[in-house]
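For reference, the structure discussed in these notes is given below.
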């Protein structure tokens, strides 16, 4: 398995408190069947002011310690990016990290309020050539009352990552209900551990995957914890990683495509023929909304 969301880097945010904790968590990842972990510290100005260069250096140092301990765990870089002004500029400058420098970026919305201009901010990322992945939408306190927003975002090409612990009931009944509903409706693209420590928020991807299997089957779970995460790390176009059901949910791969133009000008840029499903229709609706 590949875990694309965890807080394994020591003493950089609210995750592992020291190197000993990080190494003990790494042992748990290996025992759980995880081969690759994306280290995704929070980037939240004023609270966790981490930057791309800081995260890269810290991940390299931790990888060296893991190799010294002879553990078969490979790390890659990323960030749990909170909504803030200048996301596109930060990605292009390297101040903000996508997953393994791919077009895919983890976005953490505010937990207790649906933010203003939320959909527009995600659209700006998409038009710049990135694929936003909303982290743990099932755990957001506003999600149940605004479930249609999540459905609409998935239809427009935004990806969703649920937490393994939500499926075990670790975060309560509402996150469990929403995680199961999103799985049933085909809205989930990734399951990750979002591990922070050795007890309350331990690595538990295998447990979550086993519970997801009961709802969506072995084949889809392999996509959720292995096939699709590997494709993300390889920067594969999103349409190559979607199942037929998800392609239908997102409005069809070929809908609204343009030809020839290039979207964005940073490392995450790619041809308009690879624009995430639904993005161009989303742009038209935004223009109509603000006309």
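The values are calculated or read from the model by the stated rules, or taken from the named source; none is laboratory data. All values derive from a computational prediction rather than experimental measurement. Every residue, glycine among them, receives a Cβ derived from its backbone with ideal geometry; neighbour counts consider all protein chains shown.
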**Complete:** Checked against (1) assigned to a helix (DSSP H, G or I); (2) without any contact (Cβ under 8 Å) to a residue 24 or more places away in the chain, residue 65 satisfies every condition except (2)
**Complete:** Per the filter on the range 163-186, residues within 16 Å of the chain's Cα centre (by Cα) and either more than 23 Å from residue 246 (Cβ to Cβ) or part of a helix (DSSP H, G or I) (or both) are 164, 165, 166, 179, 182, 183
**Message:** I'm trying to understand the selection: among the residues of the range 1-27, which are closer than 22 Å to residue 135 by Cα and in a helix (DSSP H, G or I)?
**Reply:** 22, 25, 26
**Answer from 94, 86 - the residue that is over 15 Å from residue 157 (Cβ atoms), surrounded by fewer than 18 Cβ atoms within 10 Å (Cβ to Cβ) and at pLDDT below 95** = 86
**Message:** So residue 72 passes all but one of these: (1) surrounded by fewer than 23 Cβ atoms within 10 Å (Cβ to Cβ); (2) in contact with a helix residue (DSSP H, G or I) (Cβ under 8 Å, 6 or more places away or on another chain); (3) closer than 19 Å to residue 163 by Cβ. Which condition number does it fail?
**Reply:** (3)
**Message:** Cβ-Cβ distance below 9 Å, separation of 6 or more or different chains: which pairs start in the range 83-96 with a residue that is farther than 12 Å from residue 124 by Cα and end on one that is modelled with pLDDT of 95 or more and surrounded by fewer than 13 Cβ atoms within 10 Å (Cβ to Cβ)?
**Reply:** 94/53; 95/53; 95/89; 96/89
**Request:** Can you confirm whether the range 37-57 contains a residue that is touching a residue at least 60 places away in the same chain (Cβ under 8 Å), surrounded by 14 or more Cβ atoms within 10 Å (Cβ to Cβ) and closer than 24 Å to residue 226 by Cβ?
**Result:** yes
